[in-house]
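The values are calculated or read from the model by the stated rules, or taken from the named source; none is laboratory data. All values derive from a computational prediction rather than experimental measurement. When we count neighbours, we look across all protein chains shown, and the Cβ atoms used for this are built from the backbone with ideal geometry, even at glycine. Calculation scope for accessible area: heavy atoms of the full protein, side chains included, ligands and nucleic acids excluded. Shrake-Rupley method; radii C 1.70, N 1.55, O 1.52, S 1.80 Å.
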Amino acid sequence: MSAARRLRAGLKGWGGVGAMGVTCALTAVFTLLPLRDAPLVEGGAATGGQGPTRVTYAKADDCEDADAWKQSLEPSSDESGTTIADIKKKGYLTVGVDQNSYRWGYRDPNSESDKAELEGFDIDLAHRIADEIVGGDSTHNIRFKAVPTNQRIPAIQNGQVDMVVRTMTISCKRLEEVAFSAPYFTTGQQVLAPRSSTIDGYDSLAKTKICTASGSTALETLRDDQKKGDLPSSADISTTVPNQLDCLVRLQLGEVDAVVTDGALAASQAAQDPTVDLKGDPFTTEYYGVAMKKDAEDLVRRVNQVLEDYRDSGWEQSYDKWLAPTLGEDAAKSRPPTPDYR
């Protein structure tokens, strides 16, 4: 199938990223606007296979041999710290999120409401954190800020958001720049390619052109694997984009042969566009965490307490609502591991 035919086929209903016009509009917003101009929105609103074959962690000096996801602080309900006090004083939590990741953080173009609110698995978690820390009316205790993939850490460091809840993998390298909560989701890197492609997994990417988001763990993994010889040097990994969904657009236009991203996101993209599919099993194991300022220890501990409660009541309900249609009914494979705090 030609790139043009594949693109046309992907534009039917919500199955083409909510129609290409919506995709390109969102892509343009993220690509052209600096973060400080990104819209603030007040609150309201199956990978399949055998499973991961290896575990990959970025290395950093302060991580030593410890697993990155075990680096978070013990949970606490204490709210006397300065970070939480500042949040309570302003009366709302500012959260960096995505607004074009289907079923994670997105605006449904088929919404029956006059204003398509942000919704999805990450949005549910952000609301739960705001409800527990700020309290009050859930339509006013949170403000969302759209953050491109490659601006997640700068948004935290510059104080533009209090935290980022945006399918963000915990890694030792990132722990040098921000603090993370305990994990709230388990995933792994996976390959997305046209259904008609001969690509059948990570081991078949020789002589292909691959797209990843800049600042993503997918790009780090590809670079590291090429250095180690685990990924052929003939694989072209030079195509990077500010926002992960932009890779799907490149794939639809025939500009790249494959996309490498988290399997959870890849499954959602495959659900949006019937002309693409997941290829092979996940080839890493990774964990999403809530990212915050490195010195915001009181907020990290409080968020970890929220997660302790959320894992028991709320997490599975949100999974069933948003992710079961794309990742399958078995939520156990995506549940975060039992926290192992430092």
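Is there any pair linking a residue in the stretch 194-207 that is in a loop (DSSP other than H, G, I, E, B) to one that is open to solvent by 80 Å² or more (accessible area, probe 1.4 Å), with Cβ under 8 Å and at least six apart or on different chains, and which?
Close Cβ pairs (under 8 Å, with a partner that is open to solvent by 80 Å² or more (accessible area, probe 1.4 Å)) amount to SER196/MET1.
When ALA267 is evaluated against the numbered criteria (1) part of a helix (DSSP H, G or I); (2) within 21 Å of ARG103 (Cα to Cα); (3) more than 20 Å from the chain's Cα centre (by Cα), which criterion, by number, is the only one it fails?
(3)
Take residues that are among the β-branched types (Val, Ile, Thr) and either open to solvent by 10 Å² or more (accessible area, probe 1.4 Å) or on the phi < 0 side of the Ramachandran plot (or both) and tell me which of the helices (runs of 4 or more DSSP H) falling wholly in the stretch 283-342 contain 2 or more.
By residue number, 297-312.
Could you give me the residue pairs with C-beta distances under 8 Å whose first residue belongs to the stretch 239-250 and is assigned by the TED database to the domain that holds ARG223 and of a type in the set (Val, Ile, Thr), whose second residue is open to solvent by 10 Å² or more (accessible area, probe 1.4 Å) and assigned to a loop (DSSP other than H, G, I, E, B) wherever it lies, and which are 6+ apart or on separate chains?
THR239/GLU255; THR240/SER214; VAL241/SER214
Checking THR167 against (1) open to solvent by less than 30 Å² (accessible area, probe 1.4 Å); (2) closer than 24 Å to PRO274 by Cα; (3) outside the structural domain of GLN71 (by the TED database), only one condition comes out false. Which one?
(3)
For the stretch 117-133, which residues satisfy the criterion of being aliphatic (A, V, I, L, M) and in a helix (DSSP H, G or I)?
Correct list: ILE123, LEU125, ALA126, ILE129, ALA130, ILE133.
Given the conditions (1) over 20 Å from ASP122 (Cβ atoms); (2) open to solvent by 30 Å² or more (accessible area, probe 1.4 Å); (3) touching a Gly at 6+ places or on another chain (Cβ under 9 Å), which single one is not true for LYS173?
Looking at each condition in turn, LYS173 falls short on (3).
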